[in-house]
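To keep things clear, I will list the structure first and then write my remarks on it.
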Amino acid sequence: MAGAEQRVVAVIMVGGPTKGTRFRPLSLNVPKPLFPLAGQPMVHHPISACRRIPNLAQIYLIGFYEEREFALYVSSISNELRIPVRYLREDKPHGSAGGLYSFRDYIMEDSPSHIVLLNCDVCSSFPLPDMLEAHKKYGGMGTLLVNKVSAESANQFGELVADPDTNELLHYTEKPETFVSDLINCGVYIFTPNIFNAIEDVLKQKKDRANLRRVSSFEALQSATKALPADFVRLDQDILSPLAGKKELYTYQTLDFWEQIKTPGMSLRCSGLYLSQFRRTSPHLLASGDGKRTATIVGDVYIHPSAKVHPTSKIGPNVSISANARVGAGARLINCIILDDVEIMENAVVIHSIVGWKSSIGKWSRVQAIHLGEGDHNAKLGITILGEAVDVEDEVVVVNSIVLPNKTLNVSVQEEIIL
Amino acid sequence: MKALILVGGFGTRLRPLTLSFPKPLVDFANKPMILHQIEALKEVGVTEVVLAINYRPEVMINFLKDFEDKLGITITCSQETEPLGTAGPLALARDKLADGSGEPFFVLNSDVISEYPFAELIEFHKRHGGEATIMVTKVDEPSKYGVVVMEEASGRVERFVEKPKIFVGNKINAGIYLLNPSVLERIELRPTSIEKEVFPKIAADQQLYAMVLPGFWMDVGQPRDYITGLRLYLDSLKKKSAARLATGAHVVGNVLVHESAKIGEGCLIGPDVAIGPGCAVDDGVRLSRCTVMRGVRIKKHACISNSIIGWHSTVGQWARIENMTILGEDVHVCDEVYSNGGVVLPHKEIKSSILKPEIVM
């Protein structure tokens, strides 16, 4: 049923500062959603994907960061993409569904027919237009993006079971201890405004139960598990799980790449995934060169227009170089993210690492992560990370280490965290 | 009189504590480190203190306003745009330090905790009439530091020897100076070392004198020294104003407890413990040689030694925390967990034991 104006509002959950410590030490300097992947802030990728949705009216970013952390970004991206983007700050934790509910007035301002909800720290091709079409055909309240993963890794996520013919969501469990399914929840959803009714019902149930607890003093003494406040509603456990199998929720499977960006190691990997996506969708964004007048480029490489890279250096595969960085003669960069204002001196080597803003890498020095045995790569995806303003002196070797901001390394280090 | 306190940079050696507060505001014996020095300076008549920093002053400004009002002393910041070393900041702040009165001014290193015998220092400085006085302290292993070689009787400094290979003396620079304004003319506004460039020249002119620091001295810029420093500080407090220390059946040795902290039944606290404002120590807790910062909750039967527990953290029941464990701000150690030297960054929950010293990010 094609309505006259099927407006869509997108909501991207960006999280907050004290919640995820897994992104340290990079998160000590920048909010994770603004950390650059393939040359663009992390949140830029879902925002660009939303832009492809027809009749997109508004994008909201909701999170716990201070407004000023997002003010600049939000105004510049609104301008650039010509779409209203607004950051809304949650005053206190309400859970993933509770947060959405607390901003329902803003979201419903444009009377959207559909609401797209995404997690910012998800790396995906975000096939939103196709997913929206599928959602309309299913006619349910919500559609989840799902992905097939290896059975061993499935229990890190929400595992779900879907009907192979109707694609209905039959069963959903968050991080189960035993194997349920190798199909997992990607953290990308499309809802009709009825979702707010569903959340309201859950809130009412919780309130009733809370009142009951107050009356029964034995319940009040129980503190074995942290009692969640009555207005805390989690999307997965409180909405998706109970509604599975009731012909309200459906699934749409992505056949493209999908990863969660929880650690700096994953961010490097996801940066590579987005770079290879650029190769397909916008190759003009990637660098090219053959070593004659510009540096030798191997594989997918992004170089910010203001960065200076010496023609005798060799860059790639999977390298992102940010604004005003300088790469000296004879340098070699492989699988790394070089942030703003970094200076890499002559003949230096950087492999499997992230080099923080304003750092400097001395001549003939080597900043690297090495892993013996392919198997371990998934487990920790260890990379070497240099925080903001770290100076690695000439000829120093830094292997498998993490260095916090404002340090100078004048001796080589291996397998260390340097505070 | 004026004073300059060299606060310096990022305090990376005191991480994870300095991830939450700039180093001068990290509490030592229940008071921000820099407040110890500012109070001692106020007592000898210093009316203006300049803080030489090369880090964001915004965080400090609010706290400083508070101290200014409470103490009735002017506190300003002198911010370096590039690191100026140990002497450069004096040149940067020259207008504030040389006010035309001709009076000498103090220069202190912010990491130093001592008895701050400033009145005696002023006396000594007037008596010898030289251009500059530095305080020196006796150490057991002088070769680790820069040694000050001086004439025993007068205290006149002959020379400095950096990390000497043979024994030339056992007095080192304690980081407390009293300087005449004329010293400012010897310092250019560029990265300069006061020990390597400025003092040797003054010594050559026979104008530099050294006074041996009576009492204790400690550079508390890193956790191990912070803990030793607390022991020395409480020792000294016992001699000077024993009334401030805690007493009772549950107290052993020198213990400082803030008046707003609550301690339960059956605890044994001490020696060398400082418990900060608003802390709650439940029944049956054993604390020794540790610092417990503002707002910390230590649950029943826990045992903590040789460690620093950061602001608003909690330590679970029967937890055992020892061997230079440093918990940053808002760290929660679950019940029954053992930490042997864990260094934990702010806002973490520790659910499993840490068997050997490691950093938890």
For the stretch A:54-74, what are the residues that are modelled with pLDDT of 95 or more and either within 14 Å of chain B (Cβ to nearest Cβ) or in a loop (DSSP other than H, G, I, E, B) (or both)?
-> none
Residues of the stretch A:126-139 classified as open to solvent by less than 10 Å² (accessible area, probe 1.4 Å) and either of a type in the set (D, E, K, R) or on the phi < 0 side of the Ramachandran plot (or both), total = 4
Of those in the stretch A:22-44 that are open to solvent by 20 Å² or more (accessible area, probe 1.4 Å) and closer than 20 Å to B:V360 by Cβ, the residue nearest to the other protein chains (Cβ to nearest Cβ) is A:R24
When only residues in the stretch B:264-292 that are surrounded by fewer than 22 Cβ atoms within 10 Å (Cβ to Cβ) and among the aliphatic types (A, V, I, L, M) count, which is nearest to B:L234 (Cα to Cα)?
-> B:L268
Residues located in the stretch B:306-341, provided they are part of a strand (DSSP E or B), within 14 Å of chain A (Cβ to nearest Cβ) and either over 12 Å from B:V296 (Cβ atoms) or open to solvent by 40 Å² or more (accessible area, probe 1.4 Å) (or both) | B:I326, B:H332
Would you mind stating whether A:A151 is assigned to a loop (DSSP other than H, G, I, E, B) and open to solvent by 10 Å² or more (accessible area, probe 1.4 Å)?
-> yes
Would you be able to say whether some residue in the stretch B:169-179 is hydrophobic (A, V, I, L, M, F, W, C) and farther than 20 Å from B:S110 by Cβ?
-> no
In this structure, is B:V344 open to solvent by less than 10 Å² (accessible area, probe 1.4 Å), within 13 Å of chain A (Cβ to nearest Cβ) and in contact (Cβ under 8 Å) with a residue 12 or more places away in the chain?
-> yes
Selection from the stretch B:214-263 of residues that are among the aliphatic types (A, V, I, L, M) and in contact with a helix residue (DSSP H, G or I) (Cβ under 9 Å, 6 or more places away or on another chain) | B:M218, B:V220, B:L237, B:L245, B:V255, B:L256
Name the one entry in A:E159, A:E174 that is acidic (D, E), closer than 14 Å to A:Q237 by Cα and surrounded by 19 or more Cβ atoms within 10 Å (Cβ to Cβ).
-> A:E159
Looking at (1) within 14 Å of another protein chain (Cβ to nearest Cβ); (2) at pLDDT 95 or above, find the lone condition where A:T18 falls short.
-> (2)
What strands (runs of 3 or more DSSP E), lying completely within the stretch B:135-200, carry at least 3 residues that are of a type outside the set (K, R) and buried (at least 20 other Cβ atoms within 10 Å of the Cβ)?
-> B:146-150, B:171-179
Within the stretch B:238-249, the residues that are open to solvent by less than 60 Å² (accessible area, probe 1.4 Å) and either in a loop (DSSP other than H, G, I, E, B) or under 17 Å from B:D282 (Cα atoms) (or both) are B:L245, B:A246, B:G248
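The values are calculated or read from the model by the stated rules, or taken from the named source; none is laboratory data. Everything quoted here is computed from the prediction, not taken from an experiment. For neighbour counting, all protein chains shown are included, and Cβ atoms are generated from backbone atoms with ideal geometry for every residue, glycine included. Accessible surface areas use protein heavy atoms only, side chains included; no ligands, DNA or RNA. Shrake-Rupley method; radii C 1.70, N 1.55, O 1.52, S 1.80 Å.
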